[in-house]
Every structure is written in C-alpha cells, then in structure tokens.
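Have a look at the structure below before the remarks.
The values are calculated or read from the model by the stated rules, or taken from the named source; none is laboratory data. Just so it is clear, the model here is predicted, and its values are computed rather than measured. Here the Cβ positions follow ideal geometry from the backbone for every residue, glycine too, while neighbour counts run over all protein chains shown. Remember, those area values only see protein heavy atoms, side chains included, never the ligands or the DNA or RNA. Shrake-Rupley method; radii C 1.70, N 1.55, O 1.52, S 1.80 Å.
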Amino acid sequence: MKRVLTVMLLGLFCFSAYAQDIKSPDEFLGYKLGSQFTYHHRMADYFNYVAESSPKVVLVNYGNSIEGRPLLVVFISSEENINKLETIRTNNLKTIGLMDGTPGEDNKPFVWLSYNVHGNESVGMEASMKTLHSIVTGLHKDSEEWLKECIVVIDPCQNPDGRDLYTNRYRNRQPVEVNHDDDDWSHSQPWPSARLNHYLFDLNRDWAWHTQAETRQRLELYKKYMPQVHADFHEMGSESTFFFAPGADPWHKVITPWQHEFHKLTGQNNAGLFDEKYRLYFTKESFDLFCPSFGDTWPLFNGAMGFTYEQGGGGSAGIAVETSTGDTLTLEKRIEGHYLSSLATIKTSYEVREKLLSEFKKFFRSGETNPEFEYKSILIKKSNNTDDIISLLSLLDDNQIKYSQISETGKEYEGFDYLANNTGKTKAEEGDILVSAFQPQSHLVEVLFEPDSKFTDSLSYDLTGWALPYLYNIKAYALKEKIKPGKSDIDFGFKKAEVPGKEVYAYLIDWNGFGELKLMAELYRKKFNIRYALKPFTIGSKEYKRGSLIISRGDNLHLKDKFDSMVIEAANSLGIVANIATTGLVDKGIDMGSNYASLKKAPKIALIGGSGTSTGSFGELWYFFEQELKYPVTIIESTAINSADLGKFDVIYLPSGSYTSEKNKLSEYIKEGGRLITFERAVSLFAGEKSTNLYSVIEKKKKEKEAEDKKKKTDDSSLLKKYENQRREGLKSRSASSIYRVKIDNTHPYTYGMGAEWFIIKRNQGYPYLSSGNNIAYITDNEPVSGFAGKEFIENIGNTLVIGSERIGRGEVVYITDDPYYRAFWKSGRVLLGNLAFR
C-alpha cells in the first residue's frame, strides 16, 4: 500500500511540474487574455508551443485559408491514447462501416470543439487558448480523467482570414483607453463584413455543400476521424446572454432520441457551471436544428452530437461595451462563457462515453440493414447533362454517400419524379446511377434527397428546402423499392481526341451547359473568337441545339498553326467532344456564316462591390468568375462608379444592394450600349424609374390591387393580433427560402442549356410580367415544390417575373429577382450567370 501511494505521489509531482512548465496564454502572449484581440499567427504560435511542450498534444496543419493562413487543430488526450491515435481513428471508422476491416477494441469518443467560424465573432479563438491550457495542464480538476477516456480536438479558428480582418480593423481603431460607448468607431467596422471568409461566404452555411476551400479542407480532416461530438462556438448581439442546448424547434426528423437526450444532458451540465457563476442563459429558442448547412446540424446528420453555442457579444462588442442595462460586457467575460460551455461539453461526453460510442455505431449500422427513409432507392437518369451529374457525384463523395451503376436494366419503376413533383414511372437504363438508402450514411441520404423537408414548426432559422435534384435540375426518381447496387465505378465514356492531321474548317460543340461555358472561358482567355447558334442546325445525322458553338478557322486566322491543338486540348481537359466540320454548309438549318450564328469576342466584364453592396451577392459572383468559370473580371468599388470609365466594359454585374447615387451613371452606361445585370434589391433601381417598362407594369399592378382591395370587406377583428405571435405573423408574407418551379423561354440566349423548366430558391416577391421586353423566366404556380412559404406570399407569387430584360437606348438591363446561384451550391444557376456574360 505504501509503495502504491509513493508511486501515485510521484506521478502527481511529475504532472504538477510538467504542468507548471507550460506557459499560460497570458505568459506566452505577453498580455492578459481578454485585454487584446490576438492575431491569428500568435495563436498558431501558442498552439504549436503547447504541442511541442506536451506529450498529450498532437498538432495537425490541415491546410491553408484562401489568403494563405494556416488551418490547424490539436488532438489532446492521455499519452497512451495519443500514442494509439491512428489505431483509435481507424477503429472508429471500421466500427461505423466507413472503412473496410474489423475494428479492434481500442475506441474512444472524439470530442471536437470548433471556434471562430465567423471572423467577427471574435471571442472564439481567445477562448480556445484558455480551454487548451486548462485541460492540458490539468488546471481543471477533472481534465486528467477526461483525457484518459476521451480525445478532445480543438480547431481554434475555422476562418482565419475573417478573424485577422476583424482584429486588424479593431486594433487600428482601438483607443488608448477602452471606450465602452457603442457609438465609438471602435465598435463598428466598414464593408465588407469580417464575419465572412475571403470570398465573403458564411462558412457556417457551407457544411453540407463544401463550396469553400476552408470547408473542404476542414471536412476532409473531420471525415478521417468522424467525431462523436461536435460543438461550434458563436456570438450573437451584445444585449443577449448565452445560448446552449437543447436547440429550438424544428428538429429534423432524422435526429435520434439519443441525440435529443444528449442535448438535454449537455444543457444540464452547462446550466450547472453557469449557475455557479450566476450567469444568465437561455435554451430552446431561436437556434433550430433543421437545415443541413450548419456546424451543428451537419454533424448531427453524421451521427455526432452537434451543438451551437452563442455568447452575447459579437463584432460590435469590442474589448468592452456598455449594454442597455448599464452593465459592461467585457471580452474577458465572453471568454469565460465559451470556456464554461467547452468544459460542459467534454464533461457530458466523458460521463456517458460508453453509450455515446454504442449509439454512434447504431446510427450508421442501422442504415445498412433498416433505413428509416421511406424511399429506399434514388435513381438518377443517364440522360442528364454529364457535367451536372459529375458535379452531383462530387458532392455525394464529399458527404461520404455511396452510389453505383444500376444493376439491372429494363425494369419499370414507379416513384416520386422530382422535376415533375409528382408520382411518375421510369424504366431503368444502362448508365443510370443508383443511390441506395441501404448504407452507413442512410440518414444523410434521407436529409439530402427527401423531396419536401418535413418540419414541425415553420419558424426555421434558414432554408426549408434543398433536395439535391432541384439544386442541379436533374431528372431523378425516389423509389420505395430496394434496388440491388451494381458496379461502383461510373464511366462516362469520354475518350480524348487526337489533334487532326490536317487543318479543319471548324469545330462544332453541341451545347449542353456549364462545361461548354468553361470551354468558352478558356478559349476566350486564349484570344479565340467564337460563334454560337441562335437556331438549331443539322450536319449529317447530328443535330446541334441552340447555343451550340462554332469555332471556325476563318474567325481565328491570327492563331495560325496553333488553332487545332488549342481547341482539342481545351475540349479534352473538360471532357467535351469537339466535332470536326469540313465545310460551312449544313444539311439543315443555319449555315455557319449566318447572321443567326452570332460572332463574339472575349467580353470585358465588371463586377460592382463595396459600400451598399450585399456581401453575399457580391461574394458569390466574385467566386463564380474566379473559381468556377475561371474568367477575369474587374471589380469596381461602388463609390468609384461615377468616376469610372464604364464604357470599356461589355457587361456589368450589379449585385443586390443600394445604388441610388450611382443611378444616373449606370443608366447612361446602358443607353450607350452596355449590358447591366441587376440582382435582387438592385432591380429596384429601375423599378422606380418612370422611363422603364418595369415601372409601368408595377404601377399598373398596384392600381389593380388597390381597386381589388376596395371591393373587399374589412374585418376589423383580423387586426387583433397577439404580441407573442409577431414573428409568426411575419411569416405569412415571406418565403423561408422555399423552392419554386420556374418556367423558361428556352429560345432566349441567356437560358441556353437550362431546359424548359428550372428551380430556384425563392425569397423575394416577384414583379409583374413586362409588357415590352423579354419575360425570360417566370413563376406560374403559387405553391412551392419544397419548403415553407406563407399564406400571403403564396397568394401573390403566381404569374410573376424571375428573369426579364428590356432595352434602354442602345443597351440592355437584365432583372433577376432572386439569387440564381444561392451560396454557390445552387449549381443549376451557373449556366445563367455564364450565358449573361458570353451571349
């Protein structure tokens, strides 16, 4: 007994001495944590220092932000667990069926804590340093026991570019003595919001879609470990207290009873720690668990216990701010909030660790044998555009969803036809793709493919519709029958072409969609001139659709002997067939030199950004041109519009925003022959201009509505609304980002490759049809195909414009009422954005 006690005391002495050797954040940084905002590189230095100093910590650099800042996490556990980290990792994946092989006995829950996904929710990264030091050094009394049974993962800053933008701005404005007055300029920041990443995307709405570099790199690491718990740390307004689990309604139906129970347990542990400090908090309000875009829901749909924590504060709080109650909310106080919730999360995970592991296994394994999704098979038709299918399959890969070829062909099935939005029949054909619900990711298959998301409450925080076939506008069926999977490899049958041995007259590219737009972009960058067909034509047995490309030698004599090789190499790189034409004479339809084969040179494009511009709308367009289309665009500050030479640009994209003082200059640009593309709120610039047809039809509709309202009897009792229902009453007149079917004039060049119908995330009320000009895309139905829309919104949305255009002088203005490329995951909108530039 004495010997055992001696060993224990020696162990405690060693641990104590080792703990004292690791500097606190205060000691390492040279200032008290909470008295300054820390630069990202200094935080990274501290995390590297702790990892080098402690055998209980492993640091992993998992990538870089767009601007080149390191993305990192640390794994923290007992030395024994750290030495077996790879074994524990692979056992975890084998246990849930996401890695082949038989798992061993070593298995521990991974508790993943993610901070600062929003750059201006600045307390997160500061709290991560306090949490790291506390549990590594054993300053918290239970941390040593926790680390024997759990592996804690800390991602201190998911958005380093936004975080450093916020820090630089704040430090630049920070007074010598902290000013608590929220009207002081240190509590405000200019455009663009530091909440966002380099391309001005909200990374907390990108979890399911993987559009941004930071998201893709983070989730590649996440998928290698598949944590049992994931907590995401945020901030809200400084007048709020603190939010922790349980979340608000609606909860998505795939969330299990055990996930509900764990939320409740974690909430109780949080309450215990917050009560000790007499801190105020709330639960079950505002932050629901429905849409898969978030850092709490996507992990939940991947079997983990997903949490959002919200500390009162936010970007305007600074180091300290006085609240309306007369109290001062300090950064130090905000750090404490996230530190306590971090501890509560680890504590709960430790206390129920065995059930945490067993229920995690059940979540995945149950899907292999008994999926709860009413549709057991998703059949994706081979007739879809290849580029769209490849894009969809890439997203399924990102979400670890398995797919295969169809095993048997010729059989007819009845199921839900997504594009028709009703029951239909289809025959399985060779080349069709199957997504079976019988797989480990069965729950996620249900979430992403359910035709109409079922919600228990319409007061949802974000999207209420997102079924993947609508995102890509592809023909697909949800079937209640189980279909046996075929081969897992998908062959699209493309064979690279050889450069012809002799010079050819022209290359013809049949128009299908975004792949051809990328080809145009690449050839334009290489100084090609390209024709596109305004009418169909036929050569031999091959019919070319409207929009098909004609790349003729006669239009590109300046390229000399490089012409053939450049076309073939570009087409091969994109998996596009470049057909050879030996003559400009066709068998049917327009000839290649026809006026209906419009010749285009590389357009010069401008994008407006800056103060008054919607950051999201601008960021999506910036990202589209640089990362997806890969075509140069000049960005003009909104404040510089009036002094800029707009006449040198063929097309200008005007994101949603307010541009009142720039109206005359933009109108002049159009009159002199320019094309202006307006999005969402930017449309109102011309909706209020009396000289436009848009104004005329709006005024006519308004008068009709006023006359109609006069005929209605007023029921005064309808004005008696309860105060507590204010938010719910507001839902009547809006769409909660529901999905609507859009009819398309597919003879118009802007819609080539989009088909006769399309789908869009609808958030705004529409405009009346134009009486002159072009009604290019419009909504005829009142009801959405998926998601929630309020009663008044539904009554007014039928027969309204989505995309229209009209001539003003020698130029054109295009009206787009809703975001066609929503958050860059609404991939079917890419074709429209590219056509607007190149047609």
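Structure summary
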| item | result |
| --- | --- |
| Enumeration of residues in segment 98-118 that are touching an Asp or Glu at 6+ places or on another chain (Cβ under 8 Å) and open to solvent by 10 Å² or more (accessible area, probe 1.4 Å) | K108 |
| Test: residue in segment 563-577 that is within 20 Å of F679 (Cα to Cα) and either of a type in the set (F, W, Y) or open to solvent by 40 Å² or more (accessible area, probe 1.4 Å) (or both) | no |
| Unique residue being among the aliphatic types (A, V, I, L, M), out of contact with any strand residue (DSSP E or B) (no Cβ under 7 Å at 6 or more places or on another chain), touching a residue at least 24 places away in the same chain (Cβ under 8 Å) and open to solvent by less than 30 Å² (accessible area, probe 1.4 Å) when the list is V831, V814 | V831 |
| Subset of segment 555-605 that is assigned to a helix (DSSP H, G or I) and among the acidic types (D, E) - its residue that is modelled with the lowest pLDDT | D561 |
| Criterion: surrounded by fewer than 24 Cβ atoms within 10 Å (Cβ to Cβ), basic (K, R) and closer than 25 Å to K355 by Cβ - qualifying residue of K264, K277 | K264 |
| Contacts under 6 angstrom Cβ, first residue in segment 563-579 being closer than 16 Å to D387 by Cα, partner open to solvent by less than 30 Å² (accessible area, probe 1.4 Å) and part of a loop (DSSP other than H, G, I, E, B), 6 or more apart | A571/A578 |
| Selection from segment 582-606 of residues that are open to solvent by 100 Å² or more (accessible area, probe 1.4 Å) and within 43 Å of the chain's Cα centre (by Cα) | N595, Y596, K601, K604 |
| Near pairs, Cβ below 8 angstrom, 6+ apart or cross-chain, from segment 256-279 (within 22 Å of W298 (Cβ to Cβ) and among the aliphatic types (A, V, I, L, M)) to any residue that is open to solvent by 10 Å² or more (accessible area, probe 1.4 Å) and outside any helix (DSSP H, G or I) | L265/V352 |
| Complete set of residues in segment 754-808 that are assigned to a strand (DSSP E or B), open to solvent by 40 Å² or more (accessible area, probe 1.4 Å) and among the polar types (S, T, N, Q) | N774, N775 |
| Condition check for K705: at pLDDT 85 or above, within 18 Å of Y767 (Cα to Cα) and either out of contact with any helix residue (DSSP H, G or I) (no Cβ under 7 Å at 6 or more places or on another chain) or in a loop (DSSP other than H, G, I, E, B) (or both) | no |
| Within segment 334-362, tally of residues that are hydrophobic (A, V, I, L, M, F, W, C) and touching a strand residue (DSSP E or B) at 6+ places or on another chain (Cβ under 6 Å) | 1 |
| Qualifying position, being closer than 21 Å to S460 by Cβ, of a type in the set (K, R), surrounded by 11 or more Cβ atoms within 10 Å (Cβ to Cβ) and at pLDDT 75 or above, among R675, R734, R681 | R734 |
| Answer residue from segment 37-48, given it is open to solvent by 40 Å² or more (accessible area, probe 1.4 Å) and either at pLDDT below 95 or part of a helix (DSSP H, G or I) (or both) and is farthest from S122 (Cα to Cα) among those | N48 |
| Segments classed as strands (runs of 3 or more DSSP E), wholly inside segment 281-370, with at least 2 members that are surrounded by 20 or more Cβ atoms within 10 Å (Cβ to Cβ) and within 26 Å of the chain's Cα centre (by Cα) | 305-313 |
| Subset of segment 113-129 that is farther than 11 Å from G295 by Cβ and among the hydroxyl-bearing types (S, T, Y) - its residue that is farthest from the chain's Cα centre (by Cα) | S128 |
| Leading residue by the ranking (most open to solvent (accessible area, probe 1.4 Å)) among those in segment 537-562 that are of a type outside the set (A, V, I, L, M, F, W, C) and within 21 Å of T386 (Cα to Cα) | E543 |
| Hey, P451 closer than 15 Å to I380 by Cβ, modelled with pLDDT under 95, open to solvent by less than 30 Å² (accessible area, probe 1.4 Å) and out of contact with any helix residue (DSSP H, G or I) (no Cβ under 6 Å at 6 or more places or on another chain) or not | yes |
| Of the criteria (1) among the charged types (D, E, K, R); (2) closer than 24 Å to W511 by Cα; (3) in contact with a helix residue (DSSP H, G or I) (Cβ under 9 Å, 6 or more places away or on another chain), which one E620 fails | (2) |
| From the options E27, E126, E52, E80, residue that is surrounded by 19 or more Cβ atoms within 10 Å (Cβ to Cβ), assigned to a helix (DSSP H, G or I) and either charged (D, E, K, R) or at pLDDT below 95 (or both) | E126 |
| Whichever residue in segment 613-659 is among the acidic types (D, E) and assigned to a helix (DSSP H, G or I) and, among such residues, is farthest from the chain's Cα centre (by Cα) | E626 |
| Residue count, segment 517-536 (criterion: out of contact with any helix residue (DSSP H, G or I) (no Cβ under 8 Å at 6 or more places or on another chain) and open to solvent by less than 10 Å² (accessible area, probe 1.4 Å)) | 1 |
| Test for A824: is it under 26 Å from the mean Cα position of the chain (by Cα) and within 21 Å of S617 (Cβ to Cβ) | yes |
| When residues of segment 397-433 are limited to those that are in a loop (DSSP other than H, G, I, E, B), open to solvent by 30 Å² or more (accessible area, probe 1.4 Å) and among the charged types (D, E, K, R), the one farthest from K381 (Cα to Cα) | K402 |
| Single residue of segment 444-499 satisfying the filter (β-branched (V, I, T) and part of a helix (DSSP H, G or I)) that is farthest from the chain's Cα centre (by Cα) | V445 |
| Residue check for E516: touching a Lys or Arg at 6+ places or on another chain (Cβ under 6 Å), of a type outside the set (A, V, I, L, M, F, W, C) and not in a loop (DSSP other than H, G, I, E, B) | no |
| Breaking point among (1) assigned to a loop (DSSP other than H, G, I, E, B); (2) at pLDDT 95 or above; (3) surrounded by fewer than 21 Cβ atoms within 10 Å (Cβ to Cβ), for H180 | (2) |
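One line per residue, one yes/no per condition, for (1) at pLDDT below 95; (2) aromatic (F, W, Y):
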residue	(1), (2)
Y778	no, yes
K791	yes, no
N799	no, no
V802	no, no
V813	no, no
D818	no, no
Y821	no, yes
A824	no, no
L836	no, no
